[in-house]
């Protein structure tokens, strides 16, 4: 017998072992969390895989088109490891499915709309990509019909969501040609904030560039992406924007030699900087997903076959 410990008297039960884990205030074991820490919201998982934007995926859920294990999903549900998601009864996502996210810069030409289909039959920015690729892309924000310049497209729905969300404060930079007389008081008002259509709008920074007379160029920067925000700010001062070009979005500038209507893929340090700007880890490089395919080796020519003609008798 160990010194210092008493042997329980005959006929008495030994003390019950202490419960393991976290205890509640009443001293009883706290109930286990029904949601494992690895579970994530359905729309977040599918958006990160590039299967659609969060808004689009939430529309699928609301319409009852997404199911897991034969059960129709609801908004706010989480996806457990190993579960497969079906869209309209067809497999949409499995844990083993791997997709490499891709991101592009498009030099949007004026006279195009940022929608997939336009009821007025105007040209759209998605028509500037190959058909198979354009169906996978999410457009990060919008530029109006007469605005040109940098547009970001990505297959990573989570990246698109964070770039557009005002909480992350991603800086947009525009080159603006203004028609009218602009004095220093106008610039100070636009930086301090003006009331436009019941909301306060302001530029984070304005720089005067080249120009003569009543047509001058300005560089305007702001961290929000409201509808026609740049034009509405200048129009609130009785001025007209005669030309508007987005030249930067976050860490990405518009490539100088990228023609209007053409796109280029973002890779390397620029792509890593874009993910870092919104607090996301960089995507896996494409070389991790597939090995480069070399030229095919020529097949050996088949051996000549003998002419098996029937012998004459």
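The values are calculated or read from the model by the stated rules, or taken from the named source; none is laboratory data. Note that this is a predicted model, so its numbers are computed, not measured. Cβ atoms come from the backbone with ideal geometry, glycine included; neighbour counts cover every protein chain shown.
Quick rundown of the values:
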| quantity | calculated |
| --- | --- |
| Residue 124, sole failed condition from (1) surrounded by 11 or more Cβ atoms within 10 Å (Cβ to Cβ); (2) under 16 Å from the mean Cα position of the chain (by Cα) | (2) |
| Lone qualifier among 121, 136 - being assigned to a loop (DSSP other than H, G, I, E, B), over 17 Å from residue 228 (Cβ atoms) and at pLDDT below 90 | 136 |
| Members of the range 210-226 that are in contact (Cβ under 8 Å) with a residue 40 or more places away in the chain and within 21 Å of residue 152 (Cβ to Cβ) | 219, 220, 221, 222, 223, 224, 225 |
| Residue satisfying condition, being assigned by TED's automatic domain parsing to the domain that holds residue 152, surrounded by fewer than 15 Cβ atoms within 10 Å (Cβ to Cβ), in contact (Cβ under 8 Å) with a residue 40 or more places away in the chain and at negative phi, within set 281, 259, 269 | 259 |
| Set 274, 258, 233: member being in contact with a strand residue (DSSP E or B) (Cβ under 7 Å, 6 or more places away or on another chain), at pLDDT 95 or above and part of a loop (DSSP other than H, G, I, E, B) | 258 |
| Some residue of the range 238-245 being out of contact with any strand residue (DSSP E or B) (no Cβ under 9 Å at 6 or more places or on another chain), within 26 Å of residue 127 (Cα to Cα) and in a loop (DSSP other than H, G, I, E, B) | no |
| Yes/no for residue 187 being surrounded by 15 or more Cβ atoms within 10 Å (Cβ to Cβ), assigned by TED's automatic domain parsing to the domain that holds residue 128 and part of a helix (DSSP H, G or I) | yes |
| Check on residue 173, surrounded by 13 or more Cβ atoms within 10 Å (Cβ to Cβ), assigned by TED's automatic domain parsing to the domain that holds residue 219 and touching a residue at least 12 places away in the same chain (Cβ under 8 Å) | yes |
